[in-house]
Structures are given as C-alpha cells and as structure tokens.
Amino acid sequence: MDLRVVIEKLIERIHFIEEDNAILRQSLRDLQEENDRLRCENDRLKERLALNSKNSSLPPSRDLYQLKRKTCQKSPRNPGGQPGHKPQGYQMKTPDEIIDVFPGCCTCGHQLEIRQTFSVEQKIEIPLIKPYIKEYHLYQGICHTCGKKKTASLPAGVQSDLLGNHTKAIISALSGFFHNSKRDVQQILHDVFNLPISLGLVSMSEKRVSQKLKPSYEGLGDRIEDSPYLHIDETGHKCQGKRGWGWIFTTRDISVLRLTASRGKKVLQSVLPAYEGWVISDRYGAYRYFEDGKRQICWSHLDRDFQRFAHSRHPLLACQGNLLIGISQEVFAVNKALKSQKIDRLFFYRRIRKLKRRLLYALKGILRIPDVPHAHRVAQNLLKSFDMMWRFVDHPELEPTNNLAERQIRKYVVYRKKSLFTWSDRGNEFVERILSLFLTCRLQKQNSFLELSQLIATPS
C-alpha cells in the first residue's frame, strides 16, 4: 500500500477521533452542569423539607413532624399556691335574695334555741333567659283644622328594625368576638336565649352593627396615623374564594385590622399615606415603603433565619448558625436585663457594641462558605438591613421584636380558621370593624361587649 494513502487515512482517523473527543468533552461538561444543578436543587429541597415553625415563618400546623419538646426538670416546689401568694378565690358578692335556713329539732327530740350567729353559703345561678319583647303602638292623629293626618314615630334611640340594640350586640359578639358561624349563632340564640330567628336576620344584624361601628373604626385609623410607632404584620385571607391579605396595625393601646386583595406597597400607601413614625416589622419587601432610618427589624424573625442556618446539612453553615443563635439569645437577655433594671444603660451599650461586631463577623463568614447560594442570599439581605436591627438600642420606646403584632393578628387567624373566610365586601367590613374593636378593648383592658353595646346604642 502506498505510504501517502496510509498517512491520509491516519490523518482522517485522527480528525474523526478529535471530533468524537470534542463531542464527548462537551457531553461531559453538560453532564457536570446538570449534576451541579441537580445537586443544588437537591440541597434546596432538603432545606425546604427541614423547615418548621422554629426556623421559618411556617405555623406549627404545617410541621411535617412534631418537634420534641424539651423536658424540664421537676420543680422541688409543691403544686398550687406558694407561700406569700395572694389568694384568687371567689369573693362574696351582694346577694339578690337572702334565704334563712334554721336547724330542726335536736337529735334527742327537743327544740333548739336559735342564736344570731350563722355561716354564709352563696349559690350563683343564671336565670332562664327569655326574650323581653316591647311593643310600640304608633297612633295616628288628624287635624280638624287642615285635615292632615300624622302618625306617631318611634322614640329617640329606638331603631325601626326587629331586634333591639342589646340583642344585636349579642349576635355580633357571638360571631366576631367568639368566632361562631352564622348557623352556630342562630342555634345559640334558639337554645340558650329562646329566640328563634332566621340566618338572614343574623346576617342583617351584623350589617347594621358594622354600620354603627364605622365612625369608631375610622377614628382608630386616624389615631394610628398619629402614633409615634407602629407594629405591622400581615397574613393570608380569602374573600369569595379569592386570595387576599389581612393586615394588622397596632400600638400598645390600639389595633386596626384591614382586609385587602393585595400584599403590596399600595396597601401601606392607602392606610398610611404620610406616616413618619417608627415601624416595627419583619423584612418583607413591602415595608421598604417606609424610610430605612425609621424601621426596626424584628429579632424573632432574625432568630428563625439563624435557626435555619443552624439546621443546615452543611457543617460550616450549621456552625455559623449556632453562633448567630447565641448572639440573638444574648441580645434578648441583655435587653430584658436593661428593662428590669438589672444593668445600667452604659453596660447595655457596651454589650450591644460587642454583639454588633460578632454578628457582622458571623454574617460575613457565611459569605465565605462555598456551595450555599441560598444562605449567601439571606446573609447579604441581612447585611443590607444591618442598621435596621439596632434602632431599639437608641430608642427605648421601641421593641426589638414584632411579637405584639403577631399576638394581635392571631385573633384574626383563629377567626379565619373557624369561619372559613368571608364571602362579601360587607363581610370584610364587619370582620375588620368588630375585631379592631375587640383587640383595642383588650389592649386597653376594657369590657369589649359593654363598649360594643354603647356604640350600637349611639344615635346615628
């Protein structure tokens, strides 16, 4: 065979092998990229499976597995009231009726001499509830001079509808305060109050009460705008099967609930168009509507982020997470010690300054850990919000957590769970106003039912 032909065949084969090798190398790169993508996706899914109520915003009901509670050591103290404890038993009340009970004859058969000393036993009884029905006879008169007829009107303060103010207050309280459905309210009125009414009348009573509460509700909205600080939180809501959101705006003595279709900044723009006070919230993006210099980030939410780091499968990230948890716990401890006057403010400032440096170092340390992109994103966001974590240090009136708003909005969450959401705009208005009244009265330690009754009785 000619040498030239052999060389040409060898060259041709080399070119073929090189092309084949290039294809294989490209396939290998594609497989490596796919492997890296799948590994990251696998890590992300593992992290999501590890989420629970302790390391995220998930409620305890969403936990896949019930977390084991820490067992506490048995206290050496006996159960019940301890020495020095002020008794909280029943206090004698002024009786509505006094019944004298005398002993009979002695066991020997002779009469007893009755003495003036006696012991007292009180029995509390709620009488059978029966509707009290008032009937107004509206007479008609005629003028003999001009021949005009005139019919009497209901007295001032008496509404033209069937139910009285106190009855409407009971219906609204059973529904709004105590989370009963309209059918349950109807059943309670029938069985307990001996008042059979229709479901439509229950709904109409709620509507009329809602109209009565409108001025008070709007007044609460004006007061939160003038408040020097606000705790704000939001949760899911549904109206007519459509996704919505429930917002709570609260101070230490006022709470306002708003049910909206949006979770965006436009809600804050409509509720607080020119608010210049302090805002305590989580790190949700809508709160960027407020000035950064007037925001306090909730440390309870930060602690959940730190818990998530600590529960990571990556050993270096878990180590940094445990370090961050320790810093968070110390922040809570130092702040509590200051409020209880166990330490002075100078010591508080010095300790916080050290904790700031430790937190900054730990967050930057997370950025140096390889192959944890989600942790990098969270750490970068925390670093951007770093100054907003410490507003409470220089402003003692601020709380380091948003727990107040979370406690207040829980009342709506319970209502949502038992009522299965709302089905009209009118229903939204009733829930907003009745729960805002209840939450505000609870913060002010007032009787919410008496306040409701007074508002309903107020002339329009």
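The values are calculated or read from the model by the stated rules, or taken from the named source; none is laboratory data. Computed from a prediction, not measured in an experiment: that's the story for all the values here. Ideal geometry is used to build each Cβ from the backbone, glycine not excepted, and the neighbour counts take in all protein chains shown.
Among the residues of region 366-418, count how many are surrounded by fewer than 19 Cβ atoms within 10 Å (Cβ to Cβ) and among the hydroxyl-bearing types (Ser, Thr, Tyr).
Residues that pass the stated criteria total 1.
Could you count how many residues in region 138-179 are closer than 20 Å to SER205 by Cα and assigned to a loop (DSSP other than H, G, I, E, B)?
Total meeting the criteria: 12.
Hey, can you tell me all the residues within region 180-198 that are crowded, with 17+ Cβ neighbours inside 10 Å, assigned to a loop (DSSP other than H, G, I, E, B) and within 31 Å of the chain's Cα centre (by Cα)?
ASN180 - this is the single residue of region 180-198 that is crowded, with 17+ Cβ neighbours inside 10 Å, assigned to a loop (DSSP other than H, G, I, E, B) and within 31 Å of the chain's Cα centre (by Cα).
Go through SER262, SER328 for me and flag whichever is part of a loop (DSSP other than H, G, I, E, B) and hydroxyl-bearing (Ser, Thr, Tyr).
Being part of a loop (DSSP other than H, G, I, E, B) and hydroxyl-bearing (Ser, Thr, Tyr) holds for just one of SER262, SER328, which is SER262.
Tell me whether region 25-48 contains one or more residues that are polar (S, T, N, Q) and either at pLDDT below 80 or part of a loop (DSSP other than H, G, I, E, B) (or both).
yes
So, GLN269, is that one among the polar types (S, T, N, Q), farther than 16 Å from SER436 by Cβ and assigned to a strand (DSSP E or B) or not?
Criteria not met by GLN269.
Taking LYS354, is it farther than 16 Å from SER172 by Cα, modelled with pLDDT of 95 or more and surrounded by fewer than 17 Cβ atoms within 10 Å (Cβ to Cβ)?
yes
When the residues of region 431-447 are filtered to those that are assigned to a helix (DSSP H, G or I) and of a type in the set (D, E, K, R), which remaining residue is surrounded by the fewest Cβ atoms within 10 Å (Cβ to Cβ)?
Here the answer is ARG442.
Residues are listed down the side, and each one gets a yes or a no for (1) of a type in the set (A, V, I, L, M); (2) closer than 25 Å to SER419 by Cα:
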{"position": "TYR229", "(1), (2)": "no, no"}
{"position": "GLY244", "(1), (2)": "no, yes"}
{"position": "ALA261", "(1), (2)": "yes, yes"}
{"position": "PHE290", "(1), (2)": "no, no"}
{"position": "GLN296", "(1), (2)": "no, no"}
{"position": "SER312", "(1), (2)": "no, no"}
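What residue, of GLY147, GLY157, is farther than 30 Å from GLN454 by Cβ and modelled with pLDDT under 90?
GLY147
List the pairs whose first member sits in region 422-440 and is within 12 Å of GLN240 (Cα to Cα), whose second member is basic (Lys, Arg) and in a helix (DSSP H, G or I), and whose Cβ atoms are under 8 Å apart, counting only residues at least 6 apart or on separate chains?
ARG426/LYS207
Scan region 345-390 for residues that are over 30 Å from CYS40 (Cβ atoms) and outside any helix (DSSP H, G or I) and report the count.
1
Could you check region 422-460 and list, in sequence order, the residues that are of a type in the set (Lys, Arg) and within 20 Å of ASP222 (Cβ to Cβ)?
Residue satisfying the conditions is ARG433 alone.
Specify the residue that is farthest from the chain's Cα centre (by Cα); the eligible residues are those in region 419-430 that are in a helix (DSSP H, G or I) and either exposed (fewer than 13 other Cβ atoms within 10 Å of the Cβ) or of a type in the set (A, V, I, L, M, F, W, C) (or both).
Filtering region 419-430 for residues that are in a helix (DSSP H, G or I) and either exposed (fewer than 13 other Cβ atoms within 10 Å of the Cβ) or of a type in the set (A, V, I, L, M, F, W, C) (or both), the one farthest from the chain's Cα centre (by Cα) comes out as ASP425.
Pairs needed: first member in region 170-187, farther than 17 Å from ARG433 by Cβ; second member anywhere, at pLDDT below 90; C-beta distance under 7 Å; at least 6 residues apart or different chains.
Within 7 Å, the pairs are SER181/SER419.
So VAL393 passes all but one of these: (1) part of a helix (DSSP H, G or I); (2) free of Cβ contacts under 8 Å to residues at least 40 places away in the same chain. Which condition number does it fail?
Result: VAL393 passes all but (2).
Tell me which residues, restricted to region 220-236, are in contact with a Ser or Thr (Cβ under 6 Å, 6 or more places away or on another chain), part of a strand (DSSP E or B) and not hydrophobic (A, V, I, L, M, F, W, C).
Within region 220-236, just HIS231 meets the criteria.
Quick test of your reading of the structure: MET1 fulfils all but one of (1) over 30 Å from ALA310 (Cα atoms); (2) modelled with pLDDT of 70 or more; (3) not acidic (Asp, Glu). Name the failing condition by number.
(2)
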